[in-house]
Amino acid sequence: MALIDFHCHLDLYRDPNRVVAEATRRGTYVLSVTTTPSAYTGTRALAPKQGRIRTALGLHPEIAVAREHELPLFESLLATTNYVGEVGLDGSRPHRHSLERQTSILMEILLLCARAGGKIITLHSRGAESLVLDVLETEPLAGSPVLHWFNGSKRQIERASERGCWFSVGPAMLNSARGRECVRHMPVERILPETDGPFGQTGNKPLMPWDAMDIVADLSSVWGQDTSEVRERLVKNFKQLVGATDRELPAFSHNRE
Ligand code: MN
């Protein structure tokens, strides 16, 4: 079975090398996101050459203000990857006070992406769903936004879809009634699996990259499609998004488990 995890913090597991080895053994495609530019090179080194792990260059909104001095490093590394993230805005209570500075940092990142010719960008938007969409609209050439764990309203989801956003959805999100309600409004052809591991958890255990496809059962009931159709759809979505930019991506081996 083709396995995809489009948002995972490989470098933050207790034993990243073990997770990488097992993901590789299972043929899992992983978008390995980072939280600071200074973590990028080391995280990228975890991924075997010619494999299915791709490393995204990130500056997480919860630490973006403290690490603003890493923006020049972000700029110098940007040409080495098609993928950016985790970036975005956090409007939850502990970070709300810095939203203005977070916003200017995100705008700077999107401008750099646009200048580079567009990237696939995985975005955090907790408590700042509308604001993230506002900022994305200021830089339409930044690339393809993937809203990760997007808990917006039906209207916000529609607005995001209309402006070309994708959505990555994981088992932890679908464990909540709110998350299941959100997924109902997301277009079938714009959804990708994610874990957000090791932060994304089920039963107090960190989700592993190969667990992302556990969303198939829930999507199957939401969409009224059988599980094999849902799996096919997710793989098709993934190829649609990355296929044009990532020509070195190895084909999925089917029958791998
Ligand atoms: Mn994350």
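Among the aspartates and glutamates, which fall within straight-line cross-link reach of Lys154, defined as a Cα-Cα distance under 14 Å, with same-chain neighbours fewer than 8 residues apart omitted?
Glu129, Glu162, Glu181
Please state the shape class of the range 45-175: rounded when a/c is under 1.5, otherwise prolate if a/b exceeds b/c and oblate if not, all from the C-alpha gyration tensor. Working shown, then result.
On the way: a/c = 1.41, a/b = 1.19, b/c = 1.18.
In terms of gyration-tensor shape, rounded.
Sequence-distant or interchain residues sharing an amide H contact under 5 Å with Ser144, placed H: which?
Lys119, Ile120, Ile121
For Gly88, which sequence-distant residues (separation of 5 or more, or a different chain) have an amide H within less than 5 Å of its own amide H, given hydrogens modelled in the peptide plane?
The answer is His124.
Give the separation of the Cα centroids, the range 40-82 to the range 187-227, in Å.
First find each Cα centre; the distance between them is then 25 Å.
Let me understand the range 123-193 better: what is its radius of gyration from the alpha carbons, and its Dmax, in angstrom?
Looking at the range 123-193, its Cα Rg and Dmax stand at 11.2, 34 Å.
With the dipole of the chain worked out from charges on the C-beta (+1 for Lys and Arg, -1 for Asp and Glu) around the Cα centre, which of Ile121, Val216, Ala66 lies farthest toward the positive end?
It is Val216.
What lysines does Lys239 reach when the alpha-carbon gap must be under 16 Å and sequence neighbours fewer than 8 apart in one chain are set aside?
Partners within reach: Lys119.
On the principal axes of its Cα set, how long, how wide and how thick is the chain? Give whole Å, largest value first.
On the principal axes, the chain reaches 46, 41, 37 Å in Cα extent.
Taking the Cα centre of the range 51-210 as the origin, how large is its charge dipole in debye, to the nearest 20, when only Lys and Arg (+1) and Asp and Glu (-1) carry charge on their Cβ atoms?
For the range 51-210, the charge dipole is close to 500 debye.
Tell me the per residue accessible area of the range 1-160 using a 1.4 Å probe; a whole number in Å² is fine. All intermediate terms of the calculation are to be shown ahead of the outcome.
Working: 6680 Å² over 160 residues.
Ligands and nucleic acids excluded, the result is 42 Å² per residue.
Through the Karplus equation 6.51 cos²θ - 1.76 cosθ + 1.60, θ set to phi - 60°, convert the phi angles of the range 220-232 into ³J(HN,Hα) values in whole Hz; use x for Gly and Pro.
4, 6, 5, 8, x, 10, 6, 4, 5, 5, 5, 4, 4
What's the carbon and sulfur percent of the chain's accessible surface, probe 1.4 angstrom, rounded to a whole number?
Carbon-and-sulfur percentage of accessible area, whole number: 48.
How large is the helix-only mean residue ellipticity at 222 nm for the chain, computed as the sum of -39500 (n - 2.57) over DSSP H runs with n ≥ 4, divided by its residue count, in deg cm²/dmol to the nearest 500?
-11500 deg cm²/dmol
Please label the shape of the range 111-233 as rounded, prolate or oblate, based on the square roots a ≥ b ≥ c of the eigenvalues of the alpha-carbon gyration tensor (a/c under 1.5 means rounded; beyond that, a/b larger than b/c means prolate, else oblate).
Taking the square roots of the gyration eigenvalues as a ≥ b ≥ c, the range 111-233 is prolate.
What relative contact order, as a whole-number percentage, does the chain give when Cα pairs under 8 Å and 6 or more residues apart are counted?
20 percent
The values are calculated or read from the model by the stated rules, or taken from the named source; none is laboratory data. Bear in mind that the values here come from a model prediction, so they are computed numbers and not experimental data. Methodologically, a virtual Cβ is constructed for each residue, glycine included, from the backbone with ideal geometry; neighbour enumeration extends over all protein chains shown. These area figures cover heavy atoms from the full protein model, side chains too; ligands, DNA and RNA do not enter into them. Shrake-Rupley method; radii C 1.70, N 1.55, O 1.52, S 1.80 Å.
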